[in-house]
Amino acid sequence: GWHFPEMQGIVGDNAQYARLVLRCGYRTEFKAADLSDVLEDENVEAAVKEAAEVSMGTEISDPDIINIKCLAEQVLSLTEYRSQLFEYLRNRMNAIAPNLTVLVGELVGARL
């Protein structure tokens with residue numbers, strides 16, 4: 001984002017990105033935060049904290065951070081919904097057309 005643009009290049013997963021935004025909010029809070037439960041890799045955690053210190057992003061206001069955190073919650077909600085849909089699709093395809101599922105996979109089989 002505009003506030004901490006360097007994080008986008010460091011954290012590629014949208015769900016992890018959203019969890020970091022919810023955990024810290026402002027980039028100034030990244031240094032003191034324990035991010036080990038969000039980021040498994042210690043090198044990535046160190047890179048995020050280092051980038052937060054020297055970030056060239058713009059400052060944001062309190063109403064902006066509230067809206068950003070609300071959007072991050074929506075991203076996490078949609079990510080969870082997507083995984084639930086994929087699990088449902090996998091179960092249905094294995095029950096309805098197991099041979100087709102093995103040949104072409106769940107997604108292609110469902111489209112056929």
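Quick notes on this structure:
- Computed over the alpha-carbon atoms, the range 6-62 gives an Rg to Rh ratio of 0.92, Rh here being the Kirkwood radius from the mean inverse distance.
- Between the range 43-112 and the range 1-19, the C-alpha centres lie 13 angstrom from each other.
- With respect to the chain, whose longest principal axis is taken over its alpha-carbon atoms, helix 42-53 is tilted by about 40°.
- Viscosity 0.692 mPa s, temperature 37 °C, Stokes-Einstein D of the range 59-112 from Kirkwood C-alpha radius, µm²/s: 245 µm²/s
- Helix 62-96 vs. the chain, principal-axis angle (Cα, 0 to 90°, nearest 10): 20 degrees
- Accessible carbon and sulfur surface of the chain relative to its total accessible area, %, 1.4 Å: 55 percent
- Inverse of mean 1/r across different Cα pairs in the range 13-112, Kirkwood, Å: 16.2 Å
- Relative to the longest principal axis of the Cα atoms of the chain, the long axis of helix 14-24 lies at roughly 30 degrees.
- Residues of the chain: accessible area per residue with a 1.4 Å probe, Å²: 69 Å²
- The chain: calculated mean residue ellipticity at 222 nm from DSSP helix runs of at least 4, using -39500 (n - 2.57): -21500 deg cm²/dmol
- Protection-proxy order for peptides 65-73, 22-30, each taking the mean of Cβ atoms within 10 Å per residue, highest first: 22-30, 65-73
The values are calculated or read from the model by the stated rules, or taken from the named source; none is laboratory data. For clarity, every value in this text was computed on a predicted model and none was experimentally measured. All Cβ positions, glycine included, derive from the backbone under ideal geometry; neighbour counts span all protein chains shown. Heavy atoms of the whole protein, side chains included, go into the accessibility calculation; ligands, DNA and RNA do not. Shrake-Rupley method; radii C 1.70, N 1.55, O 1.52, S 1.80 Å.
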